[in-house]
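Can you keep this structure in mind? I'll have questions shortly.
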Amino acid sequence: MPREKRQFEDDELYHITLRRMADEPLFLDIHDYYRGVFGIYEFNNAKHVSIRDRREQRIVFKKQLQQLPGGLTPGGFPRGQTPGFVVQQKQPPIAMMEPDKRSKIVEVLSFVLMPNHLHLILRQLIKNGISKYMQKLGSGLAAYFFERYYVNIKRRGHFFQDRFNAVHIVDDRQLQVALVYDWTNPLAIIEPGWKEKGIKNEAKARKFLKEYEWSSYQDCIGIKNFPSIIEAEKDFIMEIMGGAKGCEQAVNDWISQKGEIAKIAKAFPNLFLE
């Protein structure tokens with residue numbers, strides 16, 4: 001029996017989770033994580049996207065940039081001041097983007113990549129934008145995984161665990177909770193079961209999250225990581241959370257509350273998508 005088609009409203013926010021079947025790995029090493037981040041950005045486009053072509057274009061642009069003298073970028077502007085270009089110092093290496101020519105179908109407010117799943121908070125821009133975006137992103141990740149690891153997805157069944165989960169975020173308080181929930185999700189990597197048992201070492205937990213680069217949290221607390229992904233919604237997030245200090249304080253409070261998380265979960269029973 002066919003499943004009922006879900007309807008997402010334009011300009012509304014949704015908390016999304018996409019998980020590998022049987023909790024098998026989705027990201028195994030740094031290359032997989034970079035590919036995940038790249039896909040989150042590039043597949044946000046109503047037009048056809050070839051990841052291979054986009055990667056080749058970026059390689060060409062990087063070579064052109066390296067060949068220019070005196071810290072200039074294409075067009076003769078000082079590096080970091082070129083209209084339409086984002087030139088960001090990262091380790092490793094310099095991350096660059098051409099002028100944004102995408103025809104976006106969603107806005108990304110938050111992303112978190114975990115070993116076997118990912119979280120997103122999305123705002124739909126066009127009709128069926130979220131469904132189209134998640135279809136592109138999911139298909140792209142599955143194709144990449146198949147190509148790199150030679151996984152026969154057809155023989156093993158579905159790559160992802162059912163279709164993506166989605167919860168409508170109806171007000172500012174729910175958005176605040178969803179953001180902090182996603183930003184703290186990586187703590188499960190170093191302290192499994194922390195939401196039920198609490199954190200053993202709060203200082204270690206705070207440090208881990210500030211250094212966890214496969215999330216938009218760093219960009220919200222003043223650490224440039226992948227700013228172009230949430231750029232359009234950054235001011236809105238800062239307003240909702242009370243700026244970078246507010247983001248960090250909310251995460252620290254969440255960590256220290258320990259048992260209070262269970263109470264928050266009861267207040268928002270449909271928000272938490274594991």
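Which pairs, out of K101/K234; K47/K234; K47/K210; K132/K200; K101/K245; K132/K204, put more than 30 Å between their alpha-carbon atoms?
K47/K210; K132/K200; K101/K245; K132/K204, as the Cα separations exceed 30 Å there.
For segment 103-148 and segment 159-194, compute the distance between their C-alpha centroids and round to whole Å.
15
Please sort by residue number the trypsin sites (Lys or Arg not before Pro) in segment 95-134 whose DSSP state is loop and whose Cβ has at most 11 other Cβ atoms within 10 Å.
Of the trypsin sites (Lys or Arg not before Pro), the ones in loops of segment 95-134 whose Cβ has at most 11 other Cβ atoms within 10 Å are K101.
Provide Rg and Dmax in Å for segment 101-144, with only Cα atoms included in the calculation.
11.1, 31
Each reported figure results from applying straightforward, stated rules to the coordinates on display, with no laboratory input. Everything numeric here is computed off the predicted structure, so don't read it as measured data. Cβ sites come from the backbone with ideal geometry, for glycine too, and all protein chains shown count toward neighbours.
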